[in-house]
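Participant: Okay, handing you the structure first.
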Ligand code: PLP
C-alpha cells in the first residue's frame, strides 16, 4: 500500500479539502473581528451566521438555537452545568456508564461537589434498559445526559424513545451527539431534546470548534461569561475560520449522508465479515444493536489490542485499541467493562472507524494484513491459547 490507511475517524477526521478552502480567507485577508462595527468585521459576521444556518440545517434546528463553542467537551460541560445552575434546588444527574470521558469525568467531579449521579448500565450488546431510565428520574433530577452514539462501539441509543420518557418525566435532556452528527440523519424539530453537543473534528472540520444546540426557551446559563458574543450565550471572540469550516463541513455531511449509509456501511460490513471469517475466537461488540455505519469494535481473543495497534502502525494502518483507557494502560475501557466482555476478549479489542475517504482497496489491504498478524500474536500469547 505504501501510504497511510487511516481508519480511526471516531478519534478525529481529516479536514475536507472543501472545508480548508472555505476557511483559508479567514486565516489570511479576512481577519476582522465579527463584533466590529465596520464592514471589514461585519461581513465576517455575516459569513459566520451563514455557517450557523448550515449547522442548524444538518440537525433540524433554528439558527438561533446554535451556539458555537471550542469543542464537544465544552458543549457537554456547558449543557450539564447550565442545567444545574438553572435548577439549583435539584442535585441529581442521570447519565450512562458508557458516556465519553467528557461527561463521565464531569459527573465524577460533580459527585465530589455533593451532587448524586446515576450511571445507567448497559447490556452485553451495549443497549440501555429504558425502564431503568424512567425509574432513575426523580423530582431531584436536574438533567438527563445520554449520548446518541457511542464513540467506542458505535452503538446507537434510541434518542426518540429516550426523549419521550425524559419529557414525560418533565426533566431536561442533553445528548452528546458528537459521534452521530454527520453520520446519522437528525431532526430536532421532531425530537424533544433540550441540549445537543457536536464537534467539528469528527465531521471533517478542524479541531477546536464545536456547537451546542439549545432548544428555544430552555433555561440556560452560559459557562463563559464576559463579552457579548453569541448573543450573550458564550463569551469569547469567535474562532471564525473554524466556524466557517464547520458550516461547510455540515453542508458536505448532508450531501454525503447517503454514501455513509450505503458505501461506508458496506466497507465496514465487508471488513467485519472478512475478519470474522479469517480469525477464529473473534467477536464483534454491539453487533446485535443498532450501530453507526462506520464503526467496527472487534475483540480478538487471547491477545492484546495494544500489540495489534503497534504492529498495524508499522504497516501504516491507524486504528485505536478498543480496550485500553489510555496508551500504556492495560485497564479495560469503561465501555467494554460495562458490556461485560470477557477479559480474554476485552484486552484484544480494536476499533476501526471509517469515513467517506476510505476505499475498497484499503479494506482489502487490512483484510490481507490482519489475520496472519493475529495468528502470529496468538502463537506468542502468554494467555495459553492453543
Ligand atoms: N463526546 C464524544 C462521544 C466523543 O467521541 C468525543 C471525542 O472523542 C467528545 C465528546 C469530545 O469532543 P472534543 O474532542 O471536541 O472535545
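Bear in mind that the values in this text are calculations on the coordinates, not laboratory data. Source: prediction; values computed, not measured. Cβ coordinates were reconstructed from backbone atoms using ideal geometry, including for glycine residues, and neighbour counts include every protein chain displayed.
Participant: Note down the nm distance, to one decimal, between modelled labels 7 Å out along Cα→Cβ at residue 331 and at residue 97.
Facilitator: It is 1.6 nm.
Participant: Then there's this: Expected output is a single nm value to one decimal: the length gained when fully extending between residue 87 and residue 62, i.e. 0.36 nm times separation in residues minus the C-alpha distance. What is it?
Facilitator: Gain in length upon complete extension: 6.5 nm.
Participant: Then there is this: How much length is gained on full extension from residue 161 to residue 36, taking 0.36 nm per residue of separation minus their Cα-Cα distance?
Facilitator: Going from the current span to full extension adds 40.6 nm.
Participant: For the chain, what does the helix formula give at 222 nm: sum of -39500 (n - 2.57) over DSSP H segments with n ≥ 4, over the residue count, nearest 500 deg cm²/dmol?
Facilitator: One gets -12000 deg cm²/dmol as the mean residue ellipticity at 222 nm.
Participant: Angle between the Cα long axis of helix 39-59 and the longest principal axis of the chain, 0 to 90 degrees, nearest 10?
Facilitator: That helix lies at roughly 50 degrees to the long axis.
Participant: According to the Cα gyration tensor, what semi-axes, each the square root of 5 times an eigenvalue, does the equivalent ellipsoid of segment 282-324 have, listed from largest to smallest in whole Å?
Facilitator: 21, 13, 7
Participant: Quick one: what Rg and Dmax do you get for the chain from the alpha carbons, in Å?
Facilitator: Computed over the Cα atoms of the chain, radius of gyration and Dmax are 21.5, 74 Å.
Participant: Now for a different question. Efficiency by 1/(1 + (r/R0)^6): what FRET value for residue 232 and residue 311, r their Cβ-Cβ distance, R0 = 41 Å, to the nearest 0.05?
Facilitator: Calculated transfer efficiency: 0.20.
Participant: By per-residue mean of other Cβ atoms within 10 Å, what is the highest-first order of 96-109, 239-252, 113-126?
Facilitator: Final packing ranking: 239-252, 96-109, 113-126.
Participant: Next question, about the same structure. Between residue 46 and residue 138, how high is the FRET efficiency from 1/(1 + (r/R0)^6) when r is the Cβ-Cβ distance and R₀ = 51 Å? Nearest 0.05.
Facilitator: 0.65
Participant: For residue 11 and residue 130 in one chain, what is 0.36 nm times their gap in residues minus the Cα-Cα distance, to one decimal in nm?
Facilitator: Fully extending the segment from residue 11 to residue 130 adds 40.0 nm.
Participant: Oh, and also: Between residue 381 and residue 287, what FRET efficiency follows from the Cβ-Cβ distance if R0 is 30 Å, with the result rounded to 0.05?
Facilitator: In this case the efficiency is close to 0.80.
Participant: Counting every Cα pair in segment 144-268, what percent are over 17 Å apart?
Facilitator: Here the tail beyond 17 Å accounts for 63 percent of pairs.
Participant: So what's the angle, to the nearest 10 degrees on a 0 to 90 scale, between helix 159-168 and the longest Cα principal axis of the chain?
Facilitator: 50 degrees
Participant: Taking the DSSP beta bridges in the chain as the whole, what percent of them are antiparallel, to the nearest 5?
Facilitator: Bridges in the chain are about 55 percent antiparallel.
Participant: Starting from the Cα gyration tensor of segment 1-142, take the square roots of the eigenvalues, sort them a ≥ b ≥ c, and report rounded, prolate or oblate (rounded when a/c is under 1.5, otherwise prolate if a/b is larger than b/c, else oblate).
Facilitator: oblate
Participant: Quick one: if you stick a label point 7 Å off each Cα along the C-beta vector at residue 24 and residue 4, how many nm between them?
Facilitator: So the two model labels end up 2.0 nm from each other.
Participant: Taking Cα atoms, how many degrees apart are the long axis of helix 240-259 and the longest axis of the chain, rounded to 10 and kept between 0 and 90?
Facilitator: Here the helix axis deviates by roughly 50 degrees.
Participant: Still on this structure, I have one more. Under a point spin-label approximation (7 Å from Cα along Cα-to-Cβ), what is the residue 270-residue 254 distance to one decimal in nm?
Facilitator: Label at residue 270, label at residue 254, 3.0 nm between them.
Participant: Quote the relative contact order of segment 17-255 in percent (integer), defining contacts as alpha-carbon pairs under 8 Å separated by 6+ residues.
Facilitator: Once normalised by length, the contact order is 29 percent.
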